[in-house]
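These notes concern the structure reproduced below.
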Amino acid sequence: MPIPRLTDAERDAALAELSGWSLREDGLAIERELRFADFNAAFGFMTRVALAAEKADHHPEWFNVYNRVRITLTTHDAAGLSARDVALARAIDAMV
Ligand code: H2B
């Protein structure tokens, strides 16, 4: 079943309420970069996010170098942003 994309107004409201996320240039994803004390802290965070993502069946695109994690959220099944990205971003914010 197709997943509905957020309207521009829904997207803007979500961005205003989230902390540290910005809209990717093409408007189809949101991004956040995080820094941790070291690799152990970064990977511990990624593990917690991975468990939540698997439970929600909604998975991040991400890039990790040592203590940095850059996260991109988009919904492949919607070819853009959906409520699932906002829910995962909220869950991530709560884990930081
Ligand atoms: N994650 C993300 N980010 N977008 C999706 O559209 C998506 C997903 N779809 N995880 C899920 C898995 C889908 O492929 C499975 C079959 O439910």
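Per-structure values
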| quantity | calculated |
| --- | --- |
| Cβ-defined net charge surrounding LEU6, 11 Å radius [Lys, Arg +1; Asp, Glu -1] | -1 |
| Lys, Arg +1 and Asp, Glu -1 on Cβ, resulting dipole of the stretch 33-96 about Cα centre, debye, nearest 20 | 160 debye |
| Cα gyration tensor category, rounded, prolate or oblate, for the stretch 44-89 with a/c compared to 1.5 | oblate |
| Protection-proxy order for peptides 5-16, 83-94, each taking the mean of Cβ atoms within 10 Å per residue, highest first | 83-94, 5-16 |
| Span-rule helices in the chain, defined as complete DSSP H runs reaching 15 Å or more along the axis (Cα) with Kyte mean at least 0.5 | 39-56, 83-95 |
| Calculated over the chain: convex hull of Cα atoms, volume per residue (Å³) | 84 Å³ |
| Per residue accessible area in Å² of the chain, where ligands, DNA and RNA are left out and the probe is 1.4 Å | 60 Å² |
| Surface share of carbon and sulfur [accessible, 1.4 angstrom probe, percent] for the stretch 21-96 | 54 percent |
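The values are calculated or read from the model by the stated rules, or taken from the named source; none is laboratory data. Keep in mind that what you see is a predicted model, and the values were worked out from it rather than measured. In this analysis, Cβ positions are derived from the backbone assuming ideal geometry, glycine residues included, and neighbour counts consider all displayed protein chains. Please note that ligands, DNA and RNA were not included when accessible areas were found on the heavy atoms of the full protein model with its side chains. Shrake-Rupley method; radii C 1.70, N 1.55, O 1.52, S 1.80 Å.
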